[in-house]
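Structure first, commentary second.
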Amino acid sequence: MLLRIKVKPNSKTDEIIREADGSLKVKIRAQPVEGKANKYLLEYLAKVLGLPKSSLGLLKGESNSFKTLEINAEESYVTNALNNVVR
């Protein structure tokens, strides 16, 4: 499945927030330097979703705050997992 998110690196905490328009915003502590934030993002989401890191990949947005991720899991599983942690 594809997941489109907005990422805010260099935050105080790691968290996932649902915006007023229904989109997801992911705040992560990693700094956006030399791909560290992208790597951390994939590791964080893998942990949140309970999936191996190899199940997630960055398709678009390597140097943009808007990213498209490919997740090798059922959409219903990902949706339920995210609903349990989204503020």
Legend entry - Environment charge of LEU58, counting only residues whose C-beta is closer than 11 Å and scoring Lys/Arg +1, Asp/Glu -1: +1
Legend entry - the chain - accessible surface per residue (Å², probe 1.4 Å): 64 Å²
Legend entry - For the chain, alpha-carbon Rg over 2.2 N^0.38 Å: 0.99
Inset, instruction - With the full set of protein chains in place, find how many percent of the accessible area of the chain is carbon and sulfur; take the probe as 1.4 Å. - result: 47 percent
Inset, instruction - Return the percentage of antiparallel bridges among DSSP beta bridges fully within the chain, rounded to the nearest 5 %. - result: 75 percent
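The values are calculated or read from the model by the stated rules, or taken from the named source; none is laboratory data. From a predicted model like this one, the values you see are computed outputs, not experimental measurements. Backbone-built Cβ (ideal geometry, glycine too); neighbour counts: all protein chains shown. Remember, those area values only see protein heavy atoms, side chains included, never the ligands or the DNA or RNA. Shrake-Rupley method; radii C 1.70, N 1.55, O 1.52, S 1.80 Å.
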